[in-house]
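Down below is the structure, laid out as structure tokens.
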Amino acid sequence: MGARIMGIGSAVPPKVLTNKDLEAIVDTSDEWIRSRTGIAQRHVLEDGVDCSDLVTEAAQKAMAAAGVTPEEIDVMIVGTATPDTVFPSTACWAQPKLGLRRIPVFDLSAACSGFLYGYQLADSLIETGKAKHVLVIGAEALSRVLNWQDRNTCVLFGDGAGAAVVGPAEGDDDGLLAHSWGADGSVARLLQQPAGGTRMPATESTVADRMHTVHMAGNEVFKHAVKAMQRAAGEVLSQNGHTADDVDLFVPHQANVRIIKATVDRAGLSMDKTYLVLDRYGNVSAASIPMALADAVSEGRLKRGDLVLSASFGAGFTWAAMLYRW
Ligand code: UT7
């Protein structure tokens with residue numbers, strides 16, 4: 001029996017940066033950003049607020065929605081590419097703010113696939129009886145690692161968090177029904193933050209050369225993303241004997257509306273049944289799927305019993321897809 005999402009919540013920093021605002025920062029236009037990506041605005045963190053603060057707010061909302069107290073959480077997994085510190089983990093910074101017991105908490109580094117990787121791990125922990133309730137979170141403070149002089153990247157990303165309480169499914173046709181995940185590190189260089197780890201520690205020149213920011217070969221990433229998301233989505237549908245027509249809502253990772261449309265076309269899905277938040281949040285990496293799920297629930301687009309498909313692609317490269325009963 002698979003594990004199900006019992007409650008979902010998100011944290012959205014109040015400060016909004018519109019495409020028009022970006023026109024004053026780099027040589028870009030609202031028209032270019034909207035037509036090439038589907039993004040209209042993104043939210044960015046205020047100074048003094050950390051990724052772990054977003055984790056805390058989203059997790060508190062998810063626990064309230066699930067009717068689960070902090071004492072009942074057995075494990076917390078935080079998918080993030082923008083941790084508060086390299087060590088300790090963002091999860092450890094958030095643990096006391098949440099009042100969790102002395103349970104295992106850790107960060108999961110799978111970039112945009114962090115939430116789906118985390119859900120897969122939670123499912124395994126619950127199925128094997130090692131945990132009953134797992135907090136699975138995607139949280140990002142990407143505005144802190146952007147090169148605000150590089151129009152190729154700074155217009156794409158935003159900040160936010162989404163959290164799910166994952167617990168036991170209520171029957172065989174409930175919760176996680178099929179999954180596919182993978183990675184291909186041979187193309188890791190195409191999307192990375194080169195400095196700040198141990199390979200390239202901080203020096204005056206790494207800072208001057210802006211090596212502590214997102215570097216991306218956008219075009220190549222785009223092609224890999226379409227192929228991997230479509231392949232993973234196809235795999236989970238065929239594993240379970242469902243077809244694209246059975247899917248009530250497709251909630252993909254949101255990097256570029258053109259990637260999503262291409263995936264929808266190739267997998268035989270429909271845009272009418274695809275839930276988009278890219279316009280309001282930009283690419284929020286690991287947070288984008290759980291933030292979208294939280295909004296879909298509050299807008300009434302997602303109800304108990306719906307069949308949901310999610311697919312992701314991100315730095316690594318990593319990818320994942322999941323078919324789950326809400
Ligand atoms: O989260 C998972 C990982 N990330 C992704 O999946 C992102 C994947 N990549 C993409 O979404 C797209 O490749 C981008 C949105 C990053 C770029 O779109 P594109 O259609 O691939 O554009 P391009 O990189 O081929 O650039 C086309 C033109 C270039 O000008 P020239 O060389 O043709 O004169 C760029 O310099 O657009 C220019 N350009 C811009 N113009 C205005 C690039 N960024 C901007 C900008 N404003 N912000």
Practice task
Excluding Thr85 itself, calculate the net charge of residues whose Cβ lies under 13 Å from the Cβ of Thr85, where each Lys or Arg counts +1 and each Asp or Glu counts -1.
Solution key: -2
Completion exercise
Rounded to one decimal in nm, the spacing of the 7 Å Cα→Cβ label points at Arg102 and Phe87 is 2.0
Exercise for the section: Rounded to whole Hz and in sequence order, give me ³J(HN,Hα) for region 238-254 from the Karplus expression 6.51 cos²θ - 1.76 cosθ + 1.60, θ = phi - 60°, writing x for Gly and Pro. Expected result: 6, 4, 9, x, 8, 10, 4, 5, 6, 6, 7, 8, 9, 10, x, 4, 10
Practice task
Starting from the Cα of Arg304, step 7 Å along the direction of its Cβ; do the same at Glu220; then give the gap between the two resulting points in nm.
Solution key: 4.9
Completion exercise
Karplus ³J(HN,Hα) for region 203-218 (6.51 cos²θ - 1.76 cosθ + 1.60, θ = phi - 60°; Hz, whole; x = Gly/Pro) runs 9, 4, 6, 5, 6, 4, 7, 6, 7, 8, 10, 5, 10, 9, 8, x
Handout entry: By accessible area with a 1.4 Å probe, ligands and nucleic acids excluded, highest first: order of Asp279, Asp265
Key = Asp265, Asp279
Exercise for the section: Percent of Cα-Cα pairs per 5 Å bin, from 0 to the last occupied bin, for region 175-325, please list those. Expected result: 2, 9, 18, 20, 18, 12, 8, 6, 4, 2, 1, 0
Practice task
Could you give the size of the charge dipole of region 175-325 about its Cα centre, using +1 on the Cβ of each K and R and -1 on the Cβ of each D and E, expressed in debye and rounded to the nearest 20?
Solution key: 120
Fill in the blank from the handout: Given the candidates Ala94, His212, Tyr119, the one whose Cα lies deepest towards the positive end of the charge dipole of the chain, counting +1 at each Lys or Arg C-beta and -1 at each Asp or Glu C-beta, is His212
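So what's the convex hull volume per residue for the Cα atoms of region 246-293, in Å³?
71
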Completion exercise
Of the listed pairs Lys227/Lys261; Lys61/Lys261; Lys273/Lys303; Lys61/Lys97; Lys20/Lys223, those with alpha carbons more than 20 Å apart are Lys61/Lys261; Lys20/Lys223
Completion exercise
Of the accessible area of the chain, computed with a 1.4 Å probe and all protein chains kept, carbon and sulfur make up a percent value of 51
Exercise for the section: Please list, in chain and number order, the residues 5+ apart from Val105 or on another chain whose amide H is under 5 Å from its amide H, with Hs placed from the backbone. Expected result: Met76
Practice task
Go through Met1, Met76 and list them by solvent-accessible area, largest first, probe radius 1.4 Å.
Solution key: Met1, Met76
Handout entry: Test item: Cα-centred dipole of the chain, Lys/Arg +1 and Asp/Glu -1 on Cβ, debye
Key = 340
Practice task
Pop the C-beta distance of Glu71 and Val16 into the FRET formula with R0 = 35 Å and round what comes out to the nearest 0.05.
Solution key: 0.45
Exercise for the section: Per residue, how big is the convex hull around the C-alpha atoms of region 46-85? Give it to me in cubic angstrom, could you? Expected result: 92
Completion exercise
Note to self: with every protein chain in place and a 1.4 Å probe, region 3-168 gives an accessible area per residue in Å² of 40
Handout entry: Gly79 long-range amide H proximity, modeled H, under 5 Å
Key = Leu108, Ile137, Gly138, Ala139
Practice task
Please work out how much accessible surface Arg189 shows to a 1.4 Å probe, ignoring ligands, DNA and RNA, in Å² rounded to 10.
Solution key: 150
Handout entry: q = 0.06, 0.11 Å⁻¹: log10 I(q)/I(0) that the Debye formula gives for the chain, counting C-alpha atoms only
Key = -0.18, -0.63
Problem - region 1-139 - Debye-derived log10 I(q)/I(0), Cα point model, q = 0.09, 0.15, 0.16, 0.20 Å⁻¹ - result: -0.33, -0.78, -0.85, -1.15
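I need the peptides 220-233, 113-126, 299-312, 78-91 ranked by packing, meaning the mean over residues of other C-beta atoms within 10 angstrom, with the highest value on top.
The most tightly packed comes first, giving 113-126, 78-91, 220-233, 299-312.
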Exercise for the section: Return the sequence-ordered ³J(HN,Hα) values of region 290-300 in whole Hz as given by the Karplus equation 6.51 cos²θ - 1.76 cosθ + 1.60 applied to θ = phi - 60°, using x for Gly and Pro. Expected result: x, 5, 5, 4, 4, 5, 4, 5, 5, 8, x
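The values are calculated or read from the model by the stated rules, or taken from the named source; none is laboratory data. Not measured: the values here are computed from a predicted model. With ideal geometry, Cβ positions are generated from the backbone for all residues, glycine too; neighbour counts draw on all protein chains shown. SASA here: full protein model, heavy atoms, side chains in, ligands and nucleic acids out. Shrake-Rupley method; radii C 1.70, N 1.55, O 1.52, S 1.80 Å.
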